[in-house]
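What follows is a single structure, written as structure tokens, with notes after it.
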Amino acid sequence: MSRIYCNYMGNNDFLMKLSQYLFWDCDVKMLDPYIDKKMVLERVFSRGTEKDEAEIFHFYGKEEIKNTVPEIKYLDKKTLNYLSVILNLPKENFKCYKKSLSESPFGIS
């Protein structure tokens, strides 16, 4: 799927407000805050600053974040616990929590 340059209606302005080190491996101008929402949220909550968090809450809103973060496939334990508390969601609702419970060491069942 090809990406459309998304510097329309201020979408890219939002991404440019976030700490640029979060997107060290990609061209921020080519990201779309809606298509790449899970990646943006995962990086901000895992490695971002308080300012970055304030920006994503302002842009997406708490309900949209609350509906999206449980679908993120990987969050470290600290980030998972933090999101569970601030969003008032049980850890069991997170896809990454269910995945970590179902994995066995060395792929042995």
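Enumerate the pairs (first residue in segment 38-56 and touching a residue at least 60 places away in the same chain (Cβ under 8 Å); second residue anywhere and in a helix (DSSP H, G or I)) with beta-carbon separation below 7 Å, excluding pairs fewer than 6 apart on the same chain, so at least 6 apart or on different chains.
Between residues of segment 38-56 that are touching a residue at least 60 places away in the same chain (Cβ under 8 Å) and residues that are in a helix (DSSP H, G or I), there is no close pair.
Scan segment 64-85 for residues that are of a type in the set (A, V, I, L, M) and part of a loop (DSSP other than H, G, I, E, B) and report the count.
Here the count works out to 2.
Looking only at segment 21-49, which residues are loosely packed, with under 11 Cβ neighbours inside 10 Å and modelled with pLDDT of 95 or more?
21
Which condition does residue 75 not pass, out of (1) in contact with an Asp or Glu (Cβ under 7 Å, 6 or more places away or on another chain); (2) surrounded by fewer than 16 Cβ atoms within 10 Å (Cβ to Cβ); (3) not aromatic (Phe, Trp, Tyr), if it passes all the others?
With (1) in contact with an Asp or Glu (Cβ under 7 Å, 6 or more places away or on another chain); (2) surrounded by fewer than 16 Cβ atoms within 10 Å (Cβ to Cβ); (3) not aromatic (Phe, Trp, Tyr) applied to residue 75, the lone miss is (2).
Among the residues of segment 14-59, which ones are within 25 Å of residue 94 (Cα to Cα) and not in a helix (DSSP H, G or I)?
18, 31, 32, 33, 34, 35, 36, 48, 49
The values are calculated or read from the model by the stated rules, or taken from the named source; none is laboratory data. These numbers come from a predicted model, not from an experiment. Note that we place each Cβ from the backbone using ideal geometry, even for glycine, and neighbour counts take in every protein chain shown.
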